[in-house]
Structures are given as structure tokens and as C-alpha cells.
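A.B. asks: Questions regarding the structure given below will be posed in turn.
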Amino acid sequence: MKKDKLKIGIYELTGCAGDALLILDCEKELVDIFQAADIQSFLMAKSDNIDGELDVALVEGSVSTEKERKEVLDIRKRAKVVVAIGICSCFGGIQAAFLKENEWEKNFKEVYGKIKMTHTKPLHSKPIDAYIKVDYYLPGCPIDKEQFLSTFNRIIRGNPPELYRFPVCVECKWNENDCLLNKGIPCLGPVTAAGCGAVCINHNLPCVGCWGPLAEANFTSEYHLLKEKGFTDDFIKKKMGNFSGTGIADFLGKIKGAKR
Amino acid sequence: MKKIKIDHLARVEGNGGVIATIDGRAVTDVKFAIYEGPRLVERLTLGKTPEEDVNIVPRICAICTVSHKYAALRAMENALSVNVPPKVSLFRELMHLGEMIESHSLHTYYLALPDYVGFPNAIAMAAQFSLEVKIALEMKEFGNHIMKTAAGRYIHGENPVIGGFGKFPSKDELLWIKSRAIQFMPFVLKTVDLFCGLDYPLVPEEKTMYACCNPEKNQYGFAGEEILLSTGEILSKDDYKKLTNEFVVSHSYAKRSRYKGKPYSVGALARVNNLGERLKGEAGKMYRQYFNRRWKTNPLFNNAAQALEICYAFERIPQIIDKMIKLPDPPLVPYKTKEGKGTGIVEAPRGLLIHSYEIADGLVTYTDIITPTAQNAEDIERYCYIAAQNLLNKGEEGKIRDRMDLVVRAFDPCISCSAHMAQVKKALPESWKEKWAEIREHGSPIFVGVGKSDHSDDGVGLQLALALRKRGINDVWLESELADQDSPWKNGLDRPLVFLDAVDFREEPGKVTLLPFHYILSNTVLSHRLLPFLTSNISYNHLKNSYVLGIQPQTTEEGHKISRPVLQALNKVLKQITN
């Protein structure tokens, strides 16, 4: 029996549009993607977009204006399943890194002065789960093509995606790289979610943490390891927080034996 | 307008649009707005190490990620006095050409071409232009492949770092890229013929100034140490602020730029206009065959310029690779410097990109990033206005929306992805009142009554000014009083300037229209005798905060009587202003 195609919408909030672009960069698979599902909305790829009921919404970017807050609430209402794609949507991304109280407000004023914005009210950038329930998270900066295709494949068949529940270190070992931490280079591989294929370490460079924190990661151990290597508390926490925005705050708060 | 010191930006790609408001026979408002949320990227980099900054800033834009990486590296290496060996420079040039090919082929074939051949999008176009669509896809993929080889992945690759690359590709990988570039040449030449031969519409045509990097040794290229202007002026990269002077507008989170108070354009068309004579090989031949003076005034030729640059890139790749394979892979250049100040400039596909940093104690203390779309925003608005008003004058109102779409897309802001950005809005009756409220928000206005009291309705501006004075409104001038003053509004440079005048819009007598003063300047139908005198007295910045409140006269015959509908309008305006 032929089933109806799932109705899917792909949405972009504040970010670099890299996740949407990555989907377009699936040059060979793109036609298949459009045939396998009923893509109702995808602003970067098509003009005849419809905002109706959806089976699945893929949302890129963080919420950083009042307009986007309303948009994400509306998407949640219309979609049975919401998948956050990319680090901005999952954890807030680079633009959500103002963690101290009033830090964002102060910086906003310094950039834009006192000018009153006429179009929409700015908000401190936050991941979408600050406003709505998210069913699945597909991290990455940007998301990885293989990981996206396998997730998409499962979703359009009505199955939950299988995400990698292990850190970059695992992929790094598969690639038989030398451990950079052993050489005293500050690498975030042990605490960062896998999916990139350990691309930076493959290029002899340390992991910068752009996939965001792995839920099960041992941040305490990584913190003390880096301290032993001679890095300061400030340096370590800043490095851990570069990409994950507000999403890293909980992890940093739970590090045992760290300066508060 | 309050002057705000600008040293930061939010990204400009993503969500945006242009809205034109039409009130009868006049376009009264054109706004190009970026709805993308503010990210404060420059602020985010403060306190980071130079390496972390180079990781973070390419995230400003996925489509220009390599250009951001390249500009940041050049700026940081300039600040930290790191000199990279020739193989590193060559590999960076190669990676940047990958982005140029990817972006230009996507833009010309997928985003621009459907408009010219009459299809709503590239997928619909594929049926009739299957070869073109296929070639474009392969070119784009080839560009992506180069970026992946050099940067580590398609988007936001981390392989390029301060002092060099984490890893270099093997000779075989490089030779594969070279042979593929050569194989593409017949299709590349076809691309140039296609886009240089398109029938670009005549509207809008208007002069502007062009700015781009000035590559060294009189070569064509996408990086340099100087900025070259179409006026012939050359600025050192360290003096970039003389060019850009960023400022904020209330309808957009993207900042804007003007040079000496005037808008300018950046991008492929700017480069071909400024550097085209330097093109050699097939690209040079094509340039000489197709370039003409319309390229200097019509932004739509940007698509033709992009095609020429695709050709340049494909011819340049084998030259780079021939040099690269003769050189050994250099290790990262180490550095110990912890203080410094540096600027790096490159050409992103869509124009001049500037990164500037200050480092103290090993951490970033100052960041300034100027993106191409921020520099183009003023010209995008200006050309949209010119297109809209010209089509309106010709009675082709129905074409305005699509033409503005074409103009915005030609500038290739990354937001060109969203298919239809242009909107045409019909002003509601009495919409000047709404505009008036908006102007009041910018400060308390200075009024100037303009006209001739002995030409019946042409005296309405003067009468209105006198009536305002009588009601106790301050800072009201008459045209005749201005001649004796050096700069009558020297204390009010941040306040709106409103000219009261009879303006013939060919409307019903008594209709009130309120529109930006500079619109009247570029509108041939409404051109005005007073303008030479007035404009010499107003700076461009003040001009942008100046308006004309025009009342449609019934007659401007000799005489002193003002007609009834115009008198009614006068009272209506008086009431609104003094309210």
C-alpha cells in the first residue's frame, strides 16, 4: 500500500544559513530528497512555500528576535515532530555566548547605540528549546551531510533518528590519529558530540567543540586534564563555551573542583 | 540623526527584503531591510585568542565562510607579524577560488538566470535548459570540492590556520583539480557568452562609485593590501574607515556604509569595472569583446561580471597548482607576539570584506568586520528607488516588483536565496500623516517655506511657513531668508529638515505628498529649480534626513490668490504639524 509522503518544512532562524546550505550541497541526493518527502517550505531552495500542518519541521538557527520567537511557537503548533538542526538551534550557537547577567544588553547597546528598531524587537539569542519542546537534536556547525541524510532517511520512514552517543574521540581513534591532548594541545574531542568524522584532528588540528557538548561527557575530567597541562580556568571555560552558547552553562556549572 | 560610533555588526545574510511605497505618482519610500536577528559577532570575539577568533568569525556566513576565514587570517597575521611561505599563499588563493566558483555558479545559473529566461526557479528551468542546469551543478560541486580539499569540509572547515595549514593535499589530489579545471573550459566559455550576452533591461541606469581590493603587481585577483576606487583613488587597507564609515538605520540590523557621504558598490561588477583591463587569457579576450559603458551604470551587469570571473578562476587554478606542486609542504609558522594591530582585506564573491583586529596580552581587544552587503545596502536602496520611479513614470507600475527583485538579486546579497523579496505597497489615502509621525521620531523638524508668492498656488509653501511662525513654531525659514545665511541649520544637523512647497505630481489639486528630499533630486519629472542652491548647502548626511512636503497646485499662473483645494490642504497640514 502506498503511503502519503510526509509533509516536511525546513526553517531558518538566526544563524549563518549553513545547515540549509549543507542540505543544498547534497547535490547528488537533492532530487531524491525532494521526491521522497513533500517539502512544504524551504526558503533557500524554493519560492512556493506553504505554512500549513506538518509532519516534521527541521529548524536551523537560534531565536534572537521577537518575530522569531513567534515563528518558532507557530512551527511547534503546526508540526508533529520538531528537529533542531545545527548548533545554533540545538545549543544557541556562537551568538548565545553572553552568559553573564546583562552582558548581552550591554553589548547590544554598544553596537547599535540608542536607535529604536522599527521592525522587530531584538532578544538575547537562545536555542529553540528555550521556547518550545524539541523532539530530536541534530548538532553540527554545520550539520554533517552523512549524518543528515541518515537522520532524514529514518524520519521520512517514521522512525526516530539514531544519533551518535559518543564523543569525537571515538571517530578520531577509528581514523588512527595521534592524540593531541597527549602532546599538550587543548583538544575538546573527549567532551564534544561525534558526527564530523574528527575532521579537525584528521588535519592535525585540535577539536574546537563546534558539535556542542555530548550529554554523557565527563567535563570534570577534561577540565582537570587541561589544568594539568597548564591551561587556566578562564581559558578552559572560554574554549568550552565558544560554540555552544547558553547550552553549555549547565555543563560548566557541574564541573567538580572548578572555580565558581 | 544622532551620530553613533559604529564598530560592530550583525550578519547580513539570511532574511531580508525591500519594500517600496507608492503614493499616487511618486515613490515615497524604499527600504532595504535585513530581518535577520542581531548576533553581535564582533563583540563575541573580544577576550578570545587569535586562534579562537579565526574559528568563530567564519560562522558569520556559510556562503562566504572561506572569505571570512581568509580575511581573518590575513588580519591576524598582519597583527602578529606572521609571514607565511609562498605555498601557503598559493593554497589560500586556491581555496578562495573554490568559493568564488561555487558562489558565482550558484548565483548566475540558479538565482539569476531563471528571471531572464522566464522561469520561477531553477528546477522549473531544468526542463528547457537541462545542460545549463547540469553544468552549473557540476561547477558548484567542483568549487565545493576545492573548498573541502583546502579547508577540510564544504562549510566552516578549520584546516586554514594562523601560520599556514594543518595539512596539505597530495600531489595527486592537486593534479586532479588541475585537470578537472582544464576540462571545464569549454563550458566556462559558454557561460561567459551566455551571461554577457543576456538582454539586460535599461532600468535602472545611474552612476555610482566602485570599490575593490587592489591586487599586487597589477594583476586581477581577490586580495590585496590596498583598496582601489573607480575614481582612481587608492587607500591603504589600514585607512579602510575612510571608505566605510559604518552607520545604523532603524529598519535593519545590518549596518551601512558611504564614502565621503556617498553610496558606493562592491562585488564582481566593481572588480571588473576597476580591474578588467588587467584580465589576460580567455577572460581578457571575453572582457574586450563584451565590456561596454553600460557596465559602469547598470547593476544588472553584475551577473555578466560574475561569469567573467568564473572564467578567470578556471584559468588561474592550473597556474596555481603548477607552482604548488614544485614546493615542499611548509610547517606552521610559529609566532610569539602577543600584541599588535592588523587589518586584512579580501574580495568575498559579493565584494570587499574587511577584518580588523587589535590584540593585547594574547587576546583580542578590538574587532571590526565590514561585510559587502553592508556596503552595498545604500546602493541597493538607491537603485531600487530609481527603478521604481522610472517604471512608474513610464506607466509600468506592474513591472516594479519584479524589477526590484532583479536589482536586489544582481547585487548578490546572500539573502538572494529567498525567492521573492520585493514588495510594492500602495500608500493609503493621507499616508503623509503616518510618514510625518515617523519623521517626528527623528527629532523636532526645521521648516523651510519654498515658492513664489506671485505665482498663485506656488506661494503655498511660503504661506504655510508664515502660518507656522504665527502659531509660535520655532526654526521656520523662508527661502528668501536663506540666501543671507552661511549655514542656517548649523545647530540642527541632527534634526529633520522639511521643505514646504507646491510640487506638481500631476495629481488632484490639494493632494499632500511627503517624501525624502533626495528622491526629488533623482526624479526627472519632479526636478526643481531650487535644488542647486539648496543641495550645495546641505551635507549628504543631512540630505538623507530631509523631506519635502509637497502640495499639488491647481495653477501656478501669475497672481496672488491661492486656490480653494490648495488652501484646504494648507489648513490640514497646519493642523497636523501644530497638533
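Read-outs: derived from the displayed coordinates by stated rules, not from any lab. Because the structure is a prediction, the values reported are computed rather than measured. Cβ coordinates were reconstructed from backbone atoms using ideal geometry, including for glycine residues, and neighbour counts include every protein chain displayed.
A.B. asks: So, with +1 on the Cβ of K and R and -1 on the Cβ of D and E, and no other charges, what is the size of the charge dipole of the range B:285-384 about its Cα centre, to the nearest 20 debye?
C.D. replies: On the way: 13 positive and 12 negative charges, 120 e Å.
Dipole size: approximately 580 debye.
A.B. asks: Now for a separate question. Hey, any idea what Rg/Rh is for chain A, computing Rh the Kirkwood way over Cα pairs? Kindly include the intermediate steps, with their values, before the conclusion.
C.D. replies: Details: Rg = 19.4 Å, Rh = 19.5 Å.
On the Cα set of chain A, Rg over Rh gives 1.00.
A.B. asks: Enter the angle in degrees (range 0 to 90, nearest 10) between the Cα long axis of helix B:372-393 and the first principal axis of the Cα atoms of chain B, meaning the one along which they spread out most.
C.D. replies: It works out to around 50 degrees.
A.B. asks: Given Cβ point charges of +1 (Lys, Arg) and -1 (Asp, Glu) and nothing else, what value in debye, to the nearest 20, does the dipole of chain B about its Cα centre take?
C.D. replies: Details: 73 positive and 69 negative charges, 55 e Å.
Taking the Cα centre of chain B as origin, the dipole is about 260 debye.
A.B. asks: Compute, for the range A:126-165, the length of the dipole vector about the Cα centre, with Cβ point charges of +1 (Lys, Arg) and -1 (Asp, Glu) only. Units Debye, rounded to 20.
C.D. replies: Numbers: 6 positive and 5 negative charges, 16 e Å.
The calculation lands at about 80 debye.
A.B. asks: When a footprinting reagent is the concern and you count Cβ atoms within 10 Å, what order do B:H96, B:H442 take, fewest first?
C.D. replies: Numbers: B:H96 27, B:H442 15.
Ranked by crowding around the Cβ, least crowded first: B:H442, B:H96.
A.B. asks: Could you pull out every one of the aspartates and glutamates with an alpha carbon less than 15 Å from that of B:K426, ignoring same-chain neighbours closer than 8 positions?
C.D. replies: B:D23, B:D29, B:E396, B:E397, B:E434
A.B. asks: Then there is this: Given the C-alpha atoms of the range A:168-253, compute the convex hull and give its volume per residue in Å³.
C.D. replies: Enclosed volume per residue, from the Cα hull, is 83 Å³.
A.B. asks: With N residues in the range B:16-417, what two-decimal value do you get for its Cα radius of gyration over 2.2 N^0.38 Å? Please report the intermediate quantities before stating the final value.
C.D. replies: Numbers: Rg = 20.7 Å, N = 402, 2.2 N^0.38 = 21.5 Å.
Rg over 2.2 N^0.38 Å, computed on Cα atoms: 0.97.
A.B. asks: By the scheme Lys and Arg +1, Asp and Glu -1, what is the net charge of all other residues having a beta-carbon under 12 Å from that of B:P318?
C.D. replies: Working: positive: B:K178, B:R180, B:R316, B:K323; negative: B:E315, B:D322.
Taking every Cβ under 12 Å from that of B:P318, the sum is +2.
A.B. asks: Follow-up question, since we're still on this one. In which sequence would A:F108, B:F499, A:F34 go, from the one with the fewest C-beta neighbours within 10 Å to the one with the most? Don't skip to the answer; put the middle values down first.
C.D. replies: Details: A:F108 19, B:F499 25, A:F34 15.
With the fewest neighbours first, A:F108, B:F499, A:F34 line up as A:F34, A:F108, B:F499.
A.B. asks: Across the range A:168-253, how many lysine pairs separated by 8 or more positions, or lying on different chains, have Cα atoms within less than 22 Å?
C.D. replies: Counting lysine pairs in the range A:168-253 gives 13.
A.B. asks: Using only the alpha-carbon atoms, how far is helix B:400-410 inclined from the longest principal axis of chain B? Give it as 0 to 90 degrees, nearest 10.
C.D. replies: 30 degrees
A.B. asks: Between helix B:130-151 and chain B, what is the angle of the helix's C-alpha long axis to the longest principal axis, kept within 0 to 90° and rounded to the nearest 10?
C.D. replies: Relative to chain B, helix B:130-151 is tipped by roughly 70 degrees.
A.B. asks: Among A:V134, A:V63, A:S150, which residue has its Cα positioned farthest towards the positive end of the charge dipole of the range A:7-156, with +1 placed on the Cβ of Lys and Arg, -1 on the Cβ of Asp and Glu, and the dipole taken about the Cα centre?
C.D. replies: The one lying farthest along the dipole's positive direction is A:V63.
A.B. asks: Please compute the volume of the convex hull spanned by the alpha-carbon atoms of the range A:7-156 and report it per residue in Å³.
C.D. replies: Working: hull volume 16.7 nm³, N = 150.
Per residue, the Cα convex hull of the range A:7-156 comes to 111 Å³.
A.B. asks: Round to the nearest 0.05 the FRET efficiency obtained for B:D322 and A:I185 when R0 = 22 Å and r is the Cβ-Cβ distance. Walk me through the numbers before you get to the answer.
C.D. replies: Numbers: r = 34 Å, r/R0 = 1.56.
Rounded to the nearest 0.05, the efficiency is 0.05.
A.B. asks: Suppose we take every Cα in the protein assembly as shown and form the convex hull; what volume per residue is that in Å³? Don't skip to the answer; put the middle values down first.
C.D. replies: Values: hull volume 146.5 nm³, N = 839.
Here the figure is 175 Å³ per residue.
A.B. asks: Using Cα positions and a limit of under 16 Å, work out the lysines in reach of A:K80, with same-chain residues fewer than 8 apart set aside.
C.D. replies: The qualifying lysines are A:K5, A:K7, A:K133.
A.B. asks: So how far, in whole Å, is the C-alpha centre of the range B:55-122 from the one of the range A:218-236?
C.D. replies: Answer, in whole Å: 35.
A.B. asks: Between the range A:130-187 and the range B:344-401, what is the separation of their alpha carbon centroids in Å?
C.D. replies: 36 Å
A.B. asks: With the cut-off at 32 Å, tell me which of the pairs A:K100/B:K341; A:K28/B:K178; B:K490/B:K561; B:K338/B:K544; B:K296/B:K544 have Cα atoms farther apart than that.
C.D. replies: On the way: A:K100/B:K341 28 Å; A:K28/B:K178 23 Å; B:K490/B:K561 35 Å; B:K338/B:K544 43 Å; B:K296/B:K544 24 Å.
Table pairs above 32 Å Cα-Cα are B:K490/B:K561; B:K338/B:K544.
A.B. asks: Among A:V83, B:V161, rank each residue by its count of other Cβ atoms within 10 Å, from fewest to most, as a rough exposure measure. Provide the component values of the computation, followed by the final result.
C.D. replies: Working: A:V83 23, B:V161 20.
Lowest count first: B:V161, A:V83.
A.B. asks: Go through B:L332, B:H442, B:V346 and say which Cα lies farthest out towards the positive end of the charge dipole of chain B; charges sit on Cβ, +1 for Lys and Arg, -1 for Asp and Glu.
C.D. replies: B:L332
A.B. asks: Which value in nm describes the separation of the simple spin-label points at A:R157 and B:I182, placed 7 Å from the Cα toward the beta carbon?
C.D. replies: 4.5 nm
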